[in-house]
1. Return yes when residue A:6 is at pLDDT 80 or above and either surrounded by fewer than 20 Cβ atoms within 10 Å (Cβ to Cβ) or in a loop (DSSP other than H, G, I, E, B) (or both) and no when it is not.
2. Within segment A:13-41, can you find the residues that are touching a helix residue (DSSP H, G or I) at 6+ places or on another chain (Cβ under 8 Å) and modelled with pLDDT of 90 or more?
3. Any residue at all in segment B:99-109 that's surrounded by fewer than 16 Cβ atoms within 10 Å (Cβ to Cβ), more than 7 Å from chain A (Cβ to nearest Cβ), assigned to a helix (DSSP H, G or I) and away from DNA strand C (no atom under 16 Å from the Cβ)?
4. Any residue in segment B:155-167 that is more than 14 Å from every other protein chain (Cβ to nearest Cβ) sitting within a Cβ distance under 8 Å of a residue that is near DNA strand C (Cβ under 6 Å from one of its atoms)? List the pairs, counting only those 6 or more apart or interchain.
5. Would you mind telling me which numbered condition in (1) crowded, with 18+ Cβ neighbours inside 10 Å; (2) within 14 Å of DNA strand D (Cβ to nearest atom) residue A:113 fails?
6. Considering each residue of segment B:129-163, count those that are in contact with a strand residue (DSSP E or B) (Cβ under 8 Å, 6 or more places away or on another chain) and surrounded by 15 or more Cβ atoms within 10 Å (Cβ to Cβ), and give that number.
7. Could you tell me whether segment A:12-30 includes any residue that is under 24 Å from residue B:119 (Cβ atoms) and either in a strand (DSSP E or B) or assigned by TED's automatic domain parsing to the domain that holds residue A:154 (or both)?
8. Looking only at segment A:105-113, decide whether some residue is without any contact (Cβ under 8 Å) to a residue 24 or more places away in the chain and within 14 Å of residue B:156 (Cα to Cα).
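The values are calculated or read from the model by the stated rules, or taken from the named source; none is laboratory data. Just so we're clear, the structure is a prediction, and the values are computed from it rather than from any experiment. Ideal geometry is used to build each Cβ from the backbone, glycine not excepted, and the neighbour counts take in all protein chains shown.
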DNA sequence: CCCCGATTATGATCGCGATCATAATTCATT
DNA sequence: AATGAATTATGATCGCGATCATAATCGGGG
């Protein structure tokens, strides 16, 4: 969902780092000196939050003195390190980039609110329809690049429940699957 | 969750408007000319998103030409109107306010991610503990000002399920309720 | 081409949250 | 103080998603 965050940080000198599974990127209370772009892998933030590959990690630490929670790799991961001071300097020196950063964050807020409301739907078919609607918007046919197991994880269902929901939606003539990874709502 | 958004918009001339239940604030595709602060009531955004009193509404429309979805009042509501041009001018004229706006949005993202991960917990007691942990952080005793029915709604449970989860947590000696609206995790 | 893991299923059972019913307590309003 | 609404419960039943088991198909690497 947050794959685009990195482009606002274009001109900044970075270095990369690898994390083994279980290794900590930072701990709660550590002085916040950098934000991160998760290139590969999965992190656990705090006790149950998770960050996926492609996401910007700890962007709120830009505005905090210390990291508010632990960040631990759940799988072998690679991160790009953006020193906080450089990022803040970069943003304040370039108002239009700061504005773009705000725009990025506003988009994140919007997407997350949508995802949150999705999770309030208890019945699996409803949730699937809402998810496809969010993705598809106006388009009639929706293409999913990710495997369905990943989608299931994303919307808080087991993959079994997702398969069954898709099967049921097709039985009820509410969904057509024209091909692999293709979905059309009716 | 978003009660603080308004303070970044201090110096801007606004007007207020009342909405009857069912009345539209804007429709998808309408030119985005303003963002809003929901003072009272509840709005429905799109097909299932909801905005609560105190939230900033359509802040992402600052960076979009048109509103991406409908906004309809679900109950009699009052909104404060912030003209988009004035807000953008205000932000670009005051870099430190733009930075504060980014900080606000980053905090929103963080809170929403936390809430989202909360919703992945299927068992009600787990979700309740996670919710209290999020609120309480370090404090030992957590005070909830809202009624429990509102909390239940917030975390995607029925109030019955919430009451039962609280009762069970107390039975299992994982929670103490020292008084009305007070909770202490063990 | 073959093999093996990942993906895509489907079936059976179980647990738990949703739902409906009922009631005690608290709170607001007159 | 009285009264009605909202809040805080608790019980019974039901439906559906989670879990565990099993299998077909796809896809990539040797």
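1. Values: at pLDDT 80 or above: no; either surrounded by fewer than 20 Cβ atoms within 10 Å (Cβ to Cβ) or in a loop (DSSP other than H, G, I, E, B) (or both): yes.
No: the conditions fail for residue A:6.
2. To start, the set of residues in segment A:13-41 that are touching a helix residue (DSSP H, G or I) at 6+ places or on another chain (Cβ under 8 Å) comprises A:13, A:32-35, A:37.
Across segment A:13-41, the qualifying residues are A:32, A:33, A:34, A:35, A:37.
3. We begin by selecting, within segment B:99-109, every residue surrounded by fewer than 16 Cβ atoms within 10 Å (Cβ to Cβ); these are B:100.
Cutting the leftovers down to more than 7 Å from chain A (Cβ to nearest Cβ) gives us B:100.
Next, only the ones that are assigned to a helix (DSSP H, G or I) stay: B:100.
Narrowing further to those that are away from DNA strand C (no atom under 16 Å from the Cβ): B:100.
Among the residues of segment B:99-109, at least one is surrounded by fewer than 16 Cβ atoms within 10 Å (Cβ to Cβ), more than 7 Å from chain A (Cβ to nearest Cβ), assigned to a helix (DSSP H, G or I) and away from DNA strand C (no atom under 16 Å from the Cβ), which makes the answer yes.
4. Filtered contacts from segment B:155-167: B:162/B:124; B:164/B:124; B:165/B:124; B:165/B:157.
5. Among (1) crowded, with 18+ Cβ neighbours inside 10 Å; (2) within 14 Å of DNA strand D (Cβ to nearest atom), residue A:113 violates only (2).
6. From segment B:129-163, those in contact with a strand residue (DSSP E or B) (Cβ under 8 Å, 6 or more places away or on another chain) are B:129, B:132-133, B:135-136, B:140-144; that's our starting set.
Subset that is surrounded by 15 or more Cβ atoms within 10 Å (Cβ to Cβ): B:129, B:132-133, B:136, B:142, B:144.
Total meeting the criteria: 6.
7. From segment A:12-30, those under 24 Å from residue B:119 (Cβ atoms) are A:28; that's our starting set.
Filter once more, keeping what is either in a strand (DSSP E or B) or assigned by TED's automatic domain parsing to the domain that holds residue A:154 (or both): none.
For segment A:12-30, residues under 24 Å from residue B:119 (Cβ atoms) and either in a strand (DSSP E or B) or assigned by TED's automatic domain parsing to the domain that holds residue A:154 (or both): absent.
8. Checked against the condition, which is being without any contact (Cβ under 8 Å) to a residue 24 or more places away in the chain and within 14 Å of residue B:156 (Cα to Cα), segment A:105-113 yields at least one hit.
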